[in-house]
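Beneath this line is the structure, given in structure tokens, with notes to follow.
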Ligand SMILES: [Zn+2]
């Protein structure tokens, strides 16, 4: 008879179970929100560790920082490819992207080509 007892209990609590489910969903989304904030904070911590690695302080994550530097180098390489396609170059003074056809950087006025 345990089954029928369970069914009766279930019927009686159906509204309550619905409320519980809504409450659990709310709480889970709050948990998700906190986890997202934690991820942001982890990223900030990681960035700080990487920045201080680049300025000479190794917090014991040297190997990962070296990997990050490789990724940065890869990004630079890819950016250069884009600039080649767009036929533009980089200002040697301020680093902004400039057309190959102009002689002076529009941002800093430095000589480009
Ligand atoms: Zn410039």
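For the reader, a short list of remarks on this structure follows.
- Count of residues meeting criterion [under 19 Å from the mean Cα position of the chain (by Cα) and touching a residue at least 12 places away in the same chain (Cβ under 8 Å)] in segment 62-92: 3
- The single condition from (1) away from the ligand (no atom under 16 Å from the Cβ); (2) touching a helix residue (DSSP H, G or I) at 6+ places or on another chain (Cβ under 8 Å); (3) modelled with pLDDT under 95 that residue 50 fails is (3).
- Scan of segment 9-56 for residues that are outside any helix (DSSP H, G or I) and over 20 Å from residue 72 (Cα atoms), ordered by number: 13
- Boolean, residue 6 is assigned to a loop (DSSP other than H, G, I, E, B), modelled with pLDDT under 95 and surrounded by 10 or more Cβ atoms within 10 Å (Cβ to Cβ): no
- Contacts under 7 angstrom Cβ, first residue in segment 98-113 being more than 21 Å from residue 85 (Cβ to Cβ), partner more than 11 Å from the ligand (Cβ to nearest atom), 6 or more apart: 103/113; 111/103
Results for (1) within 16 Å of the ligand (Cβ to nearest atom); (2) exposed (fewer than 13 other Cβ atoms within 10 Å of the Cβ); (3) not in a loop (DSSP other than H, G, I, E, B), shown as yes or no for each residue.
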| position | (1), (2), (3) |
| --- | --- |
| 65 | no, no, yes |
| 72 | no, yes, yes |
| 77 | no, yes, yes |
| 82 | no, yes, yes |
| 89 | yes, no, yes |
| 107 | yes, no, no |
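- Residue list for segment 91-105, restricted to those being closer than 30 Å to residue 53 by Cα and in a loop (DSSP other than H, G, I, E, B): 91, 92, 93, 94, 95, 96
- Flag: residue 58 does not match the condition of being more than 16 Å from the ligand (Cβ to nearest atom) and under 22 Å from the mean Cα position of the chain (by Cα).
The values are calculated or read from the model by the stated rules, or taken from the named source; none is laboratory data. This one's a predicted model, so the numbers in the text were calculated from it and none came from an experiment. Using ideal geometry, Cβ is built from the backbone for each residue, glycine included, and neighbour counts are taken over all protein chains shown.
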